[in-house]
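Asker: Here's a structure for you.
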Amino acid sequence: MTRSLPQFSTLASFDHQPRTRLVFGVDALDRVGELAREMEARRVLLVSDSGIVKAGHVERARGILSGAGLEVFLFDEVKENPTTTCVEACLKMAQTEKIDTLVALGGGSSLDTAKGCNFLYTNGGQMKDYWGVGKATRPMRPLIAIPTTAGTGSECQSAALIADPTTHQKMACLDVKAAARIAILDPSLTLSQPRMVTACTGIDAIAHVVETAVTRKRTGMSLMCSHEAFKLTLPNLPRIFENPSDLEARGRMLLGAAFAGMAIENSMLGAAHSAANPLTAHYGIVHGQAVGMMLPHVVRFNGTEPDALQAYGQLASAPEITHLSHGLPEALDALVEHLDHLLALAGMPRSLADCGVKESMIPKMAEEAAQQWTASFNPRPVSVEDFRKLYEAAY
Ligand SMILES: [Zn+2]
């Protein structure tokens with residue numbers, strides 16, 4: 001009598017410990033002072049970037065935290081795709097001001113910088129010491145994550161993605177201690193995103209859904225998040241393009257991006273993310289654009305694997321862009337068509353050539369993509385040669 005359950009399915013074994021309290025609602029930001037106090041904060045480092053300062057969110061958050069009797073120190077020099085240089089500047093302020101709590105307010109870059117800073121502030125050393133899983137030995141300071149974009153889902157993940165300043169290679173530093181204690185999901189904060197940011201982060205969130213739904217690590221828990229996130233994001237990104245001040249659509253998108261982040265925490269990502277990173281490293285292509293360009297090709301590539309085809313079919317059925325009774329190949333076609341349509345609506349570049357990528361760089365990027373950690377979770381094994389073909393298809 002066998003006691004094993006099917007692998008790579010809704011019955012795969014898992015160990016899920018929710019680490020992040022989610023506080024969702026319009027103007028939920030108003031609670032940041034009270035929530036920080038609950039964690040016995042006294043000296044808070046607010047981590048953000050100049051765009052969020054301009055949008056007025058930093059002043060508002062600072063006012064609420066000060067109003068709750070907390071000392072607030074502002075680090076507003078976060079850069080996109082943060083490097084160790086950015087993290088070290090943030091760390092310096094944390095050390096000088098002897099802060100006890102971090103509040104990250106912004107896109108994924110602000111959240112990553114705050115997490116990176118937390119690693120070094122509490123555990124010492126350099127970012128590369130934490131590249132990998134569970135390398136920190138000491139507990140970290142409490143972190144409140146407040147996303148202003150509906151994209152990375154970093155607020156629900158324990159990973160800090162920090163790039164090497166010379167090679168621009170992203171180091172994924174995963175440690176459950178780095179996860180935010182609280183994520184404040186306030187849809188009104190996402191209204192200030194420029195259209196291109198809404199588009200790039202929104203496509204990234206949808207790519208997170210599509211990749212997490214098929215990885216080799218997916219579980220019943222991650223699938224629940226992926227499918228719910230797909231229902232929330234897919235119809236609402238076009239609604240936001242049509243009417244950027246549609247707060248309800250913004251709320252669904254923000255919640256969907258957070259659920260997709262929870263899916264990543266449990267199931268990791270796949271080959272579209274592996275292929276995207278070298279494009280960002282060499283050509284500075286925005287993450288969401290790079291992932292968006294590669295995703296339809298990766299879905300077609302993975303779709304030859306029966307297990308992945310089934311998973312894509314189930315995913316496409318969640319927001320009812322197809323029904324499984326129509327057949328699995330038809331479901332895959334419907335999914336790819338829908339993704340293509342969304343990318344067109346988002347005004348994303350559709351080919352690597354459009355982004356100034358040199359064809360002669362493909363072999364080098366294929367080598368690098370195959371070494372990305374995310375590639376190992378892709379449902380179909382993906383070799384250097386496969387990545388070369390994927391890049392050529394996207395060229
Ligand atoms: Zn992503």
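This table checks each residue for (1) free of Cβ contacts under 8 Å to residues at least 24 places away in the same chain; (2) outside any helix (DSSP H, G or I); (3) closer than 28 Å to residue 120 by Cα.
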| site | (1), (2), (3) |
| --- | --- |
| 3 | yes, yes, no |
| 34 | no, no, yes |
| 74 | no, yes, yes |
| 87 | no, no, yes |
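Matching residues to (1) more than 15 Å from the ligand (Cβ to nearest atom); (2) touching an Asp or Glu at 6+ places or on another chain (Cβ under 6 Å); (3) modelled with pLDDT under 95:
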residue: 290; (1), (2), (3): no, no, no
residue: 307; (1), (2), (3): yes, no, yes
residue: 326; (1), (2), (3): yes, no, yes
residue: 329; (1), (2), (3): yes, no, yes
residue: 348; (1), (2), (3): no, no, yes
residue: 373; (1), (2), (3): no, no, yes
residue: 377; (1), (2), (3): no, no, yes
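Asker: Tell me which residues, restricted to the stretch 96-108, are crowded, with 24+ Cβ neighbours inside 10 Å and in a helix (DSSP H, G or I).
Answerer: 108
Results for (1) open to solvent by less than 10 Å² (accessible area, probe 1.4 Å); (2) more than 17 Å from residue 366 (Cα to Cα); (3) in a helix (DSSP H, G or I), shown as yes or no for each residue.
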{"site": "272", "(1), (2), (3)": "yes, no, yes"}
{"site": "275", "(1), (2), (3)": "yes, no, yes"}
{"site": "280", "(1), (2), (3)": "no, no, yes"}
{"site": "293", "(1), (2), (3)": "yes, no, yes"}
{"site": "298", "(1), (2), (3)": "yes, no, yes"}
{"site": "314", "(1), (2), (3)": "no, yes, yes"}
{"site": "320", "(1), (2), (3)": "no, yes, no"}
{"site": "350", "(1), (2), (3)": "no, yes, no"}
{"site": "354", "(1), (2), (3)": "no, yes, yes"}
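Asker: Let me confirm something: among 155, 228, which residue is within 15 Å of the ligand (Cβ to nearest atom), assigned to a helix (DSSP H, G or I) and either closer than 21 Å to residue 374 by Cβ or out of contact with any Pro (no Cβ under 8 Å at 6 or more places or on another chain) (or both)?
Answerer: Numbers: 228 fails: within 15 Å of the ligand (Cβ to nearest atom).
Result of the check over 155, 228: 155.
Asker: Restricting to the stretch 198-225, and then to whatever is farther than 15 Å from residue 265 by Cα and in contact (Cβ under 8 Å) with a residue 60 or more places away in the chain, can you tell me which residue is nearest to the ligand (Cβ to nearest atom)? Step through it out loud before you land on a result.
Answerer: Filtering the stretch 198-225 for residues farther than 15 Å from residue 265 by Cα gives 198-204, 206.
Those left that are additionally in contact (Cβ under 8 Å) with a residue 60 or more places away in the chain: 199-204, 206.
Numbers: 199: 14, 200: 10, 201: 9, 202: 11, 203: 9, 204: 4, 206: 10 Å.
The residue in question is 204.
Asker: Now for a separate question. Tell me whether the stretch 380-389 contains one or more residues that are within 30 Å of residue 197 (Cβ to Cβ) and among the aliphatic types (A, V, I, L, M).
Answerer: Of all residues in the stretch 380-389, those within 30 Å of residue 197 (Cβ to Cβ) come to 382, 387.
Going one step further and asking which of them are among the aliphatic types (A, V, I, L, M), we end up with 382.
Yes; the residues of the stretch 380-389 include at least one that is within 30 Å of residue 197 (Cβ to Cβ) and among the aliphatic types (A, V, I, L, M).
Asker: So residue 143 ticks every box in (1) within 13 Å of the ligand (Cβ to nearest atom); (2) at pLDDT 95 or above but one. Which box is left unticked?
Answerer: It fails just one condition, (1).
Asker: To continue, here is another question. Might you let me know whether the stretch 118-134 holds any residue that is more than 22 Å from the chain's Cα centre (by Cα), surrounded by fewer than 22 Cβ atoms within 10 Å (Cβ to Cβ) and in a strand (DSSP E or B)?
Answerer: The answer is no; no qualifying residue exists.
Asker: When only residues in the stretch 213-256 that are out of contact with any Ser or Thr (no Cβ under 7 Å at 6 or more places or on another chain) and small (Gly, Ala, Ser) count, which is surrounded by the fewest Cβ atoms within 10 Å (Cβ to Cβ)?
Answerer: Looking at residues that are out of contact with any Ser or Thr (no Cβ under 7 Å at 6 or more places or on another chain) and small (Gly, Ala, Ser), I get 245.
Asker: Let me ask something additional. From the list 180, 150, exactly one residue is more than 14 Å from the ligand (Cβ to nearest atom), touching a Leu at 6+ places or on another chain (Cβ under 7 Å) and in a loop (DSSP other than H, G, I, E, B). Which is it? Reasoning before the result, please.
Answerer: Values: 150 fails: more than 14 Å from the ligand (Cβ to nearest atom).
The unique qualifying residue is 180.
Asker: Is it fair to say residue 269 is within 16 Å of the ligand (Cβ to nearest atom) and either under 21 Å from the mean Cα position of the chain (by Cα) or closer than 22 Å to residue 237 by Cβ (or both)?
Answerer: So residue 269 fits the description; yes.
Asker: Being closer than 20 Å to residue 115 by Cα and assigned to a loop (DSSP other than H, G, I, E, B) is the filter; apply it to the stretch 42-59 and report the residue that is most open to solvent (accessible area, probe 1.4 Å).
Answerer: Per the criteria, the residue is 42.
Asker: So which residues in the stretch 89-101 are without any contact (Cβ under 8 Å) to a residue 40 or more places away in the chain and out of contact with any Leu (no Cβ under 7 Å at 6 or more places or on another chain), if there are any at all?
Answerer: The initial filter retains those residues of the stretch 89-101 that are without any contact (Cβ under 8 Å) to a residue 40 or more places away in the chain, namely 89, 91-92, 95-96.
Those that are without any contact (Cβ under 8 Å) to a residue 40 or more places away in the chain and out of contact with any Leu (no Cβ under 7 Å at 6 or more places or on another chain): 89, 92, 95, 96.
Asker: Just to be sure before I move on: is residue 163 under 16 Å from the mean Cα position of the chain (by Cα), touching a residue at least 12 places away in the same chain (Cβ under 8 Å) and open to solvent by 10 Å² or more (accessible area, probe 1.4 Å) in the structure I sent?
Answerer: no
The values are calculated or read from the model by the stated rules, or taken from the named source; none is laboratory data. From a predicted model like this one, the values you see are computed outputs, not experimental measurements. No Cβ is skipped: glycine too gets one built from the backbone with ideal geometry, and neighbour counts run over all protein chains shown. Keep in mind that these areas ignore ligands, DNA and RNA; they rest on the heavy atoms of the full protein, side chains included. Shrake-Rupley method; radii C 1.70, N 1.55, O 1.52, S 1.80 Å.
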